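S.K.: Can you keep this structure in mind? I'll have questions shortly.
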Amino acid sequence: YSDCTILGLNLHGALLTYIPEGNEDDPLTEKDITGSEEIVAALNAVKDDENIKGVLIEVDSPGGMPVAGEEIAKALKELGKPSAAVIRQSGMSAAYWAISTADRIFASRNSDVGSIGVTMSYLENMDKDKKYVQLSSGKYKDTGNPDKPLSEEEKTLLLRDIKIVHENFIEDIAANRGMPIEDVKVIADGSSVLGGKAKSLKLIDEIGGWAEAEKYLGDKIGEKPKVCW
């Protein structure tokens, strides 16, 4: 990064903690996934680099895993250098969580922003002509196996954890964005909003894109920024 003053990072596609080994037959290729461990490593690598004076993150992601979002948000908060995030088409769910600690968040009027909620999908793969048999050492050990229906107890157990993650999400957004927690709760229904509404709700700071973000960072570092991706 010797010729750069700003580190550029991409948060594109599904956000996971790591990128699984590629499989050509798998619709989720590496191009569709961002691993938080890679972004965190990049942020940590430039913390003590005097040449890098700030960070710009480009976001186009529907979200992903909460831990991945939390990891990036923490690393960005601890960076100790000016940071800006630009949401292109979407910055939602865990992807929004990830950039919630950026000093400045920009988005288009037409960007999808927010989606502060938690979801878990479940596919049952049962055949009425077959009988499910599995030996487990714990009552809930096979919870989520698609070859058996979820019991009401199992649904309650999973919903318990979904609610906990949702509460953690709300608390972090309130703290990271400097918003009253009650204001975040009102909009934390899992829906996204467009950029203009996101600005009025204080989910983003400005309507804009790369140019506005680079100007912001330039003003912060006191020189024309040179972004290297």
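S.K.: List the equivalent ellipsoid semi-axes of the chain in whole Å, largest first, each obtained as the square root of 5λ for an eigenvalue λ of the Cα gyration tensor.
M.R.: Values: eigenvalues 273, 84, 47 Å².
In descending order the semi-axes read 37, 21, 15 Å.
S.K.: According to a simple spin-label model (label point 7 Å from Cα along Cα-to-Cβ), what is the distance in nm between V67 and R160?
M.R.: Going by the 7 Å Cα→Cβ label model, 2.0 nm.
S.K.: Taking the alpha-carbon centroid of each part, what is the distance from the stretch 38-68 to the stretch 175-200 in angstrom?
M.R.: Value for the Cα centre distance between the two parts: 23 Å.
S.K.: Beta carbons within 10 angstrom, averaged per residue: use that to sort the peptides 192-205, 54-67, highest first.
M.R.: On the way: 192-205: 19.2, 54-67: 22.1.
Most protected by this proxy first, the peptides run 54-67, 192-205.
S.K.: Suppose a student asked you for the relative contact order of the stretch 153-212, using Cα pairs under 8 Å spaced at least 6 residues apart; what percent would you report?
M.R.: Values: 21 pairs, mean separation 11.8, N = 60.
Relative contact order for the stretch 153-212 comes out at 20 percent.
S.K.: Continuing with the same structure: Lys and Arg at +1, Asp and Glu at -1: add these up for the other residues within a Cβ distance under 14 Å of N176 and post the number. Each step should come with its number before you reach the end.
M.R.: On the way: positive: K74, K77, R104, R177, K202; negative: E70, E71, E78, D103, E171, D172, D183, D205.
Residues close to N176 contribute a combined charge of -3.
S.K.: In this model, which of K77/K220; K197/K226; K163/K199 are farther than 24 Å apart at the alpha-carbon? The partial results should precede the final answer.
M.R.: Details: K77/K220 16 Å; K197/K226 31 Å; K163/K199 26 Å.
Where the Cα-Cα span goes over 24 Å, the pairs concerned are K197/K226; K163/K199.
S.K.: While we're looking at this one, here's another question. Give me the percent relative contact order of the chain, please, defined on Cα pairs under 8 angstrom at least 6 residues apart.
M.R.: After rounding, I find 24 percent.
S.K.: Counting Lys and Arg as +1 and Asp and Glu as -1, each charge on the Cβ, what is the dipole of the stretch 48-115 about the Cα centre in debye, to the nearest 20?
M.R.: 280 debye
S.K.: For every other residue with a beta carbon closer than 13 angstrom to the beta carbon of I105, add +1 if it is Lys or Arg and -1 if Asp or Glu, then tell me the sum.
M.R.: Values: positive: R88, R104, R177, K199, K202; negative: E58, D103, D205, E206, E212.
Once positives and negatives cancel, what remains is 0.
S.K.: Considering only DSSP beta bridges whose two residues both sit in the chain, what percent are antiparallel, to the nearest 5?
M.R.: On the way: 3 of 31 bridges.
Among the beta bridges of the chain, antiparallel pairing accounts for roughly 10 percent.
S.K.: How far apart, in nanometres, would the label points at K139 and E167 be if each is projected 7 angstrom from Cα along the Cα-to-Cβ direction?
M.R.: It works out to 2.1 nm between the two label points.
S.K.: Can you compute 3J(HN,Hα) from phi for each residue in the stretch 4-10, using the Karplus curve 6.51 cos²θ - 1.76 cosθ + 1.60 with θ = phi - 60°, rounded to whole Hz and x for Gly and Pro?
M.R.: 9, 10, 10, 8, x, 10, 9
S.K.: For the stretch 74-117 and the stretch 204-229, what is the centre-to-centre distance using only Cα atoms, to the nearest Å?
M.R.: Between the Cα centres of the stretch 74-117 and the stretch 204-229 lies a distance of 14 Å.
S.K.: Still on this structure, please answer the following. Estimate the FRET efficiency between D3 and D219 by the formula 1/(1 + (r/R0)^6), using the beta-carbon distance for r and 22 Å for R0, to the nearest 0.05.
M.R.: According to the calculation, E is roughly 0.55.
S.K.: Please give the net charge around V67, taking every other residue with its beta carbon less than 11 angstrom from that of V67, where Lys and Arg add +1 and Asp and Glu add -1. Working shown, then result.
M.R.: On the way: positive: K74; negative: E37, E70, E71.
For residues surrounding V67, the net value is -2.
S.K.: A further question on this structure: Highest mean first, what order results for 168-179, 84-95 on Cβ atoms within 10 Å? The partial results should precede the final answer.
M.R.: On the way: 168-179: 17.2, 84-95: 25.5.
Peptide ranking by packing, descending: 84-95, 168-179.
Each reported figure results from applying straightforward, stated rules to the coordinates on display, with no laboratory input. What you see is a predicted model; the values in this text were computed from it and never measured. Note that each Cβ is placed from the backbone with ideal geometry, even for glycine, and that neighbours are counted across all protein chains shown.
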